[in-house]
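Since the structure comes first, as structure tokens, the remarks are kept for the end.
The numbers here are math on the coordinates, done by the rules we state, and not lab data. This structure is a prediction, so every number in the text was calculated from the model and none was measured. Neighbour counts run over all protein chains shown; Cβ positions are idealised from the backbone, glycine included.
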Amino acid sequence: MSVHDHLHDGERIELQHPPFYLTNHRLLRNDDADGVFREIPRIGMTAVERVHVTDHRIMVIGVVLVVSGVILTLTWAPFTAWLAIIAGLAALVMGSRGKLVGHQVVSPRIPDSEQQLWRLPNWGADNFVGKLRIIANENSGVGREW
């Protein structure tokens, strides 16, 4: 079954980033080839958050640079060793900030067990995530004048 078979009367698809489909009433997710769809009403979305994951490879490089810089400071190269220590600390900070891996749709209607299902990948979803952020801002009242 296609996503068009699951649309209500008057509902149309505005954006799609398979397995996600944004209609004028809800956000749909097609879980598998069997045609199982999950949904969140547009009014139920409260935020779209960035998901970062710590970059352990960069942090390991930073630790190696700091440790080797300390050892070199104690032995024979105090000036260049300080450069290694500074570079290692910078690598530790950059690695701890992490890299962007996706965007999480936040809604009180999503159970904790399904949070992972509503995570959009970072690559190729810029327009889709932008539209979801606009919807979430409208729902939370940001920019409304009373």
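With a ≥ b ≥ c the root eigenvalues of the C-alpha gyration tensor of region 13-54, is it rounded (a/c under 1.5), prolate (a/b larger than b/c) or oblate? Oblate, because a/c is 1.5 or more while a/b does not exceed b/c. At q = 0.09, 0.11 Å⁻¹, what log₁₀ I(q)/I(0) does a Debye calculation on the Cα points of the chain give, no solvent, two decimals? Log-scaled intensity ratios, in q order: -0.46, -0.58. By the equivalent-ellipsoid construction on the alpha carbon gyration tensor, region 67-146 comes out with semi-axes of 46, 16, 12 Å, ordered largest to smallest.
What spacing in nm lies between the two simple spin-label points modelled at residue 139 and residue 99, each 7 Å away from Cα in the Cβ direction? In this crude spin-label approximation the distance works out to 3.0 nm. Residues whose amide H falls under 5 Å from that of residue 47, counting only those 5 or more places apart or on a different chain, are 106, with hydrogens built in the peptide plane. Screening the chain for whole DSSP H helices with an alpha carbon extent of at least 18 angstrom along the helix axis and a mean Kyte-Doolittle hydropathy of at least 1.6 yields 56-75. Spin-label pair residue 75-residue 63: with each label point 7 Å from Cα along the Cα-Cβ axis, the two points sit 2.0 nm from one another. Kirkwood analysis of the Cα pair distances in region 55-97 returns a hydrodynamic radius of 9.9 Å. A full extension of the chain between residue 38 and residue 4 corresponds to an added length of 10.8 nm, given 0.36 nm per residue minus the alpha carbon distance.
GNM on the chain, alpha-carbon springs under 10 angstrom: the most fluctuating residue among 91, 47, 136 is 91.
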